[in-house]
Every structure is written in structure tokens, then in C-alpha cells.
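None of the figures in this text is laboratory data; all of them are computed from the coordinates on show. None of the values given here were measured: they were computed from a predicted structure. In this analysis, Cβ positions are derived from the backbone assuming ideal geometry, glycine residues included, and neighbour counts consider all displayed protein chains.
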Amino acid sequence: MADTVLYEVTDGLATITLNRPDAMNALNNDAKAALRDALREAGGDDAVRAVLLTATGRAFCVGQDLKEHIGALAAARESGSGNALSTVSEHYNPIVRAITEMPKPVVAGVNGVAAGAGFGFALAADYRVVADTASFNTSFAGVALTADSGVSWTLPRLIGQSRAADLLFFPRSVSAQEALELGIVNRVVAAEALADEAAAVARRFAEGPTVAYAALKASMAFGAGSSLSEALEKEDEQQTVAGASEDHGIAVAAFLAKEKPKYLGR
């Protein structure tokens, strides 16, 4: 794994850390490819039961590295046929799909500003733990671009169409507290406690009923674009899967024995 993204697995928890602190974790091609590959590795590793996505330095991720992007714009103009935004299909879309489609929970530990694609990656996560000094910004319209990284889908579903339109058309910095009030994040903690708190949440997921979490994730994603009748059928399908898991049997036995269940993740 490139040093722009750090990857570590400990006791079922994969920690993926954006590591370009001097550039506020702006996404150059190396970082985007490394993040995509790390997420795919975590998603396909049966030993990984949860993922923590976080970053070093004072920013979570400010989105596209514009210094690199300006070179791509120049190359596209010179060639007459290039696409300076091919990174959306090559990197951003696969990254968001890797987060949302992996059958295990992803926690975003947001240590600082999350803007543009960085905001999109945080929104794609299943749970967001945020430092009280962090902030969010859609950014796209501010550089004459439209939304990518799933923001046009995730943001309206979290805060409603009207509020999402306001933040997308007129980008501004949203504080951690406002993000909590809007429903963008799940938990705000003191900045100095962020690393421990985010890891604790991710660890709880890693020690939990992995099959049930995957089923919940699949059901919620399906329900976002389905009728009630269709959602009920999906719940039935996923409940059958969860009910057949070893962890469900462990949970029932532990309940009857008045003990805390020790899940196996299968």
C-alpha cells in the first residue's frame, strides 16, 4: 500500500488512514488509487469485520488535489479528446461503491475539514464520529463543478432536498455542531478524544454480529429507493440470512443464559 494511505488490520478491524497531512489529505492519483485498493482489500478480507476510515494531520480530506488537476485540465485541452474528470469513474465512484457495498460497517473518524470528495467519502460511511473542530463543505460549485462521490444521493437523504440544495448551490463551511443538528453526523467529540472514540465505535462494530450488520446495511440501502412493499420483502430476505447466522444462535443462547454474547462474525 502506498504511503499516501496507511492500512492496518488488528483483531478484525481494518484502519485505513489518509496520510498526506501537508496537503490536507488532498486526493492526488496515488492517494485515490491507494484508498480504492485498501477499501477493496478490506471488503474482500473475511478476517475484517469493520473498517475505520480516518486521516492524519488537521484535515480529513479536502477533496481533489487541484495542483495535480490543473495539469490534467491542460493535458485534456492539448489533446482535444482527453477527459480531465475521468478520475470520477476511475477512482471516486469505485471508492464510494467499496464503502457502501462492502458487507461490513464503515466508520468515518473525521478529524478535520471534509470537503468535496472528502465530504462524499464521509457521507458514504455507515457511521460518522467527528471532532468538534471538524467542518464540512460541498465545495463543488465553488470551483464550477457538479457533485460527485455520491454527494447528490447521500446528502439529500440525510438532511432533505431543500437543505442539501442550499449546501450544494451555495457551498459554505458547516461546523461539526451544525452538522450534528442537521443530521449529517452521528456523534461529535472533543478533538483530542477523536482517535479513541472513533476507534471504540469501530471496535464495537468489529466485535458485533457482522452478518446482521451486513443485512441492515443492505436493507437500508435498498429501502432508500423502494416502496414499502418492496422494503418489506427485502427485510424478509435479509432476516432469513441473519437468522441463519451462527451469531444469531449465540445471541439467543447468551440472552437465555443472561450472559453477554461473544460474536464470531459469521
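What whole-number distance in Å separates the alpha-carbon centres of the range 241-258 and the range 1-22?
Cα centres, the range 241-258 to the range 1-22: 33 Å.
Taking the Cα centre of the chain as the origin, how large is its charge dipole in debye, to the nearest 20, when only Lys and Arg (+1) and Asp and Glu (-1) carry charge on their Cβ atoms?
The dipole of the chain has a size of about 280 debye.
With runs of 4+ DSSP H residues as the only contributors, calculate the mean residue ellipticity of the chain at 222 nm using -39,500 (n - 2.57) per run, divided by the residue total and rounded to the nearest 500.
-14500 deg cm²/dmol
Can you give the local net charge around Ala176? Use residues other than it whose beta-carbon is closer than 15 angstrom to its beta-carbon, Lys and Arg +1, Asp and Glu -1.
Net local charge, Ala176 excluded: -1.
For the range 210-256, just the Cα set please: Rg and Dmax, both in angstrom.
12.0, 38
With a point put 7 Å past each Cα toward its Cβ, work out how far Arg187 is from Ser175 in nm, to one decimal.
The two pseudo-label positions are separated by 2.2 nm.
Counting only C-alpha contacts under 8 Å and six or more residues apart, can you give the relative contact order of the range 210-256 as a whole percent?
Averaging sequence separation for qualifying contacts and normalising by length gives 42 percent for the range 210-256.
Can you sort Lys258, Lys217, Lys67 so the residue with the fewest Cβ neighbours within 10 Å comes first?
Lys258, Lys67, Lys217
Among residues other than Ala134 whose Cβ falls under 10 Å from its Cβ, what is the net charge (Lys/Arg +1, Asp/Glu -1)?
Local net charge: +1.
So what is log10(I(q)/I(0)) for the range 1-127 at q = 0.19 1/Å, when the Debye sum runs over its Cα atoms only?
Scattering profile of the range 1-127, log10 relative to I(0): -0.98.
Counting only pairs 8 or more places apart or on different chains, how many lysine pairs in the chain have C-alpha atoms closer than 24 Å?
Final tally of qualifying lysine pairs is 9.
What's the ranking of 224-237, 26-39 by average number of surrounding C-beta atoms within 10 Å, highest first?
Descending mean neighbour count gives 26-39, 224-237.
Report, to two decimal places, the Cα Rg of the chain normalised by 2.2 N^0.38 Å (N = number of residues).
Taking the Cα Rg and dividing by 2.2 N^0.38 Å, one obtains 1.05.
Evaluate the relative contact order of the chain (contact order divided by residue number), counting alpha-carbon pairs under 8 angstrom at least 6 apart; express in whole percent.
Worked out over the chain, it gives 17 percent.
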